[in-house]
Structures are given as structure tokens and as C-alpha cells.
1. What is the angle, in °, between the Cα long axis of helix 279-288 and the longest principal axis of the Cα atoms in the chain? Nearest 10 is fine, range 0 to 90.
2. With label points built 7 Å along Cα→Cβ from the Cα atoms of Ala28 and Gln223, find their separation and express it in nm.
3. Report the paramagnetic label zone for Gln74: residues of the range 130-149 whose backbone N is under 19 Å from a point 7 Å from Cα along the Cα-to-Cβ axis.
4. Students often get this wrong, so try it: which of (i) 37; (ii) 42; (iii) 21 is percent of Cα pairs over 31 Å apart as calculated from the structure shown?
5. What distance in nm separates the two pseudo spin-label positions at Val67 and Glu99, each 7 Å out from Cα along the beta-carbon direction?
6. What's the extension gain from Arg163 to Leu44 if we count 0.36 nm per residue and subtract their Cα-Cα distance?
7. Among Ala82, Ala270, Ala63, determine the one that fluctuates most according to a GNM of the chain built with springs between C-alpha atoms less than 10 Å apart.
8. In whole Å, what is the distance between the alpha-carbon centres of the range 56-133 and the range 244-274?
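The values are calculated or read from the model by the stated rules, or taken from the named source; none is laboratory data. Please read these numbers as outputs of a predicted model, since none were measured by experiment. We place every Cβ from the backbone using ideal geometry, glycine too, and count neighbours over all the protein chains shown. The protein model used for the area step is the full one, side chains on, heavy atoms only, and it has no ligands, DNA or RNA in it. Shrake-Rupley method; radii C 1.70, N 1.55, O 1.52, S 1.80 Å.
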Amino acid sequence: MTARDLMQGWLQRQLPPEHWQWLEERNAAGAATPEKDLFITLGLIPRKLGKADLDLTADDLAAAERVQPGWSPQGWSVDGTARVLTLLQTVAGRNDFPERFRQLCRTADVAEAIAFYRGLILYPSPEALEPQAAEGVRSNMRAIFEAVAHNNPYPRLYFDESRWNHMVLKALFVDSRLHPIQGLDERANAELAQMLRDYAHERWAAGRPVSPELWRCVGPFAQDEAALADLDQAARSSDPNEQAAAALALSVSPSPLAAERLAAMHELAAQIADGTLTWDVLSARLDAA
């Protein structure tokens, strides 16, 4: 079973037979599909197949995870899935696919680009696509940035530390969320923690709020007094969510002084101790706000 097999099954199950047959016929030539025909197919897919959400069951999502750990097609649409499948059935196996992928992304409309980037982890030799994935992260369009950054294992697996750090920082700049970034805890590092603290200082100096999620990547590296002072300031915020974030960050700090500070936050410390306050709980609270 491959990702291509799964997407074929999902689309065939959901689409009217004549619509599925149209897609099969358009991609029947496989790698021999002329470039002009490929562009026509990609452009016609929404009109021919619609833009409905892809209907997936819990078993479908489990199968996706087995095929490619971290792959999360939840939230994908019929047209987006069909576009990724079209690439897999036609050009993805060619030696020049990285260059073709770059060209496709450069000429894509927003919906096409989102679909192409969401499929990054599914194409052959995904490491060769890293320069174009970086272009997606540099996009000024938040939806395209999030197609790479959110619910996508690609950055965790293929971005170097510098690229990773700038992606996380940019998420804050474009008012995007951090918790959908896979590997956020695993790839936290001291340089990123410093970058985020510097960003927080800029926000405070401008009298602007700081995302509570920022402190998630700071806590494990909050060892010196300056870093702990930043968490103190977050703990004094009038925003209860930032107070909770500061407490969570203190709970994973390697400094013994952090434990003293956390103990002084009696109620939040108790919630962390009994498991009712976690980053997942706080993220859900932020999503609902």
C-alpha cells in the first residue's frame, strides 16, 4: 500500500463514477503525459471534481500514518488530493521532477500551490525538493506558508536548523499558530530560544502582545537569569494564557531557580502537576479563543 493507492481509493469512493473515470483517463499516460496536458488537467480538476472536503474515516487516517508517519490528510479537499495524485501518477517519477516541481509551484494559483506543498512528503526523493519547500515558507501568503509548516512532517525531516528556526519565527510574524508544526518540541534548540526571546523583547518594547506559544520553545533552554526574567515578565502578563504558558515553560526549565518560581504560581503549578494544564490543553484554549 502506498500513498498513491490510498488517495486513489479515497477519491474513487467519494467521486461519482464518471468524475473518477475522467481523472483516470487524464492521467492514463503516466510519465508520458505531455506537459500541456498536465497543466490542463491540473487546471480543470476543481471544475470537474469539485472542491468538497475529502471524506476520511479514522481508519483512513491511521492508514495514512502507516504509509508515511506524520502525513495528515485531514482537512484536505477533493481537488487538492486529486492534484497531488496527478503529480504522483505523471511527473513525480521523472529524474527532472525537482525542476518540474519548482516550475509548477511558480506558475500555480494559490489553491494549486497549497495542494503541491501539502504533498511534499509524498513525492519521490523529497530531500531534493527542499529549496522549493523553503520558497513556500518564504511566501507572503499565510495559507501557502501553512501548507508547508502545518501538519506536515516535511520541515521536521528535511529543514536544517537555520531554516527550521526561521520558519518557527515567521509563524509568529504572520500571526500563525505554532502547535500545528510537527516536531516543535523535538527540534527546539538554544538558538531558536534566543531568537524568540529577542522577538518577545521587540514586541514588549512596542507595547504589543506576545503569543503564549512562543514560550514553549524557550522553556527547555531557560537556564540563566535573563531567560528566567523573561518568563517572569510573561507570568506577570494580564493574559491568563500567557501566564499559563510561562508556568509550562518554567516546568521544563533545567534551572533549579525555575522550580522555585513555578512553585510560587500555586494554582498553575498544581494544574501542571495533575496534568490538567499541558501545551495541548493551552493550544486548544487558544484555538477556541
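1. 70 degrees
2. Output for this residue pair reads 6.4 nm.
3. Answer for the range 130-149: 146-149.
4. (i)
5. Using points 7 Å along Cα→Cβ, the separation is 3.0 nm.
6. Values: separation 119, 0.36 × 119 = 42.84 nm, distance 3.45 nm.
Computed gain between Arg163 and Leu44 is 39.4 nm.
7. Ala270
8. Comparing the Cα centres of the range 56-133 and the range 244-274, I get a distance of 41 Å.
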